[in-house]
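As structure tokens, the structure follows; a few thoughts come after it.
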Amino acid sequence: MLQLAIKALVSGVLIAAASEIARRNPGWGGLVASLPLVSLLTMLWLWRDTGDAARIADLALSSTAFVIASLPAFVALALLLRRGLAIPWAILAFIALGFAGYLVMLWLGRKWGLPV
């Protein structure tokens, strides 16, 4: 239980840091938010829990696939907000497009033999 609490605390600190940095400078906040810190921490926790390098390799490949799948949602969000769409609607579009991208990646990934 302590290990889960530590994982949650570290994750929360990363999210809080990214949002505070973004409040001051959106560019730097975007950089921090885009760093693969969560992926790296996940890989480290997975290594500690299993010691299985193949699982970490699969995690790295699937993370890459899903990052690619989510990129159109981020571009759409920025474009919709810049065109004046209200934030709640833009966020809903972001979620829908991201979900659609993930579904497409699940289908393509399985077809291509990726660990998704």
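All of the numbers you see were taken from the coordinates with simple rules; none came from a lab. These numbers come from a predicted model, not from an experiment. Note that each Cβ is placed from the backbone with ideal geometry, even for glycine, and that neighbours are counted across all protein chains shown.
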Around ALA90, what is the net charge, scoring Lys/Arg as +1 and Asp/Glu as -1 over all other residues with Cβ under 11 Å from its Cβ? +2
Using θ = phi - 60° and the Karplus relation 6.51 cos²θ - 1.76 cosθ + 1.60, list the HN-Hα couplings for segment 100-110 in order, rounded to whole Hz, with x at every Gly or Pro. 4, x, 5, 4, 4, 5, 4, 5, 5, x, 5
Can you compute 3J(HN,Hα) from phi for each residue in segment 81-94, using the Karplus curve 6.51 cos²θ - 1.76 cosθ + 1.60 with θ = phi - 60°, rounded to whole Hz and x for Gly and Pro? 5, 5, 8, x, 5, 4, 4, x, 5, 5, 5, 4, 5, 4
One finds, for LEU40 and LEU106 with R0 = 25 angstrom and r their Cβ-Cβ distance, a FRET efficiency to the nearest 0.05 of 0.60
Among [x] 28, 16, 15; [y] 27, 22, 11; [z] 19, 17, 14, the value of semi-axes √(5λ) of the Cα gyration tensor in Å computed for this structure carries the label [y]
Once the dipole of the chain is set up with Lys and Arg at +1 and Asp and Glu at -1 on Cβ about the Cα centre, which of LEU46, THR64, PHE99 lies farthest towards its positive end? PHE99
Assign unit charges at the C-beta atoms only (+1 for Lys and Arg, -1 for Asp and Glu), then state the dipole size of the chain relative to its Cα centre in Debye, rounded to the nearest 20. 280
Add -39500 (n - 2.57) for each DSSP H run of 4 or more in the chain, then divide by its residues: what number comes out at 222 nm, to the nearest 500 deg cm²/dmol? -30500 deg cm²/dmol
What base-10 log of the normalised intensity I(q)/I(0) is obtained for segment 52-116 from the Debye formula, alpha carbons as equal point scatterers, at q = 0.22 Å⁻¹? -0.82
Prolate/oblate/rounded call for segment 8-51, Cα gyration tensor, a/c under 1.5 rounded: oblate
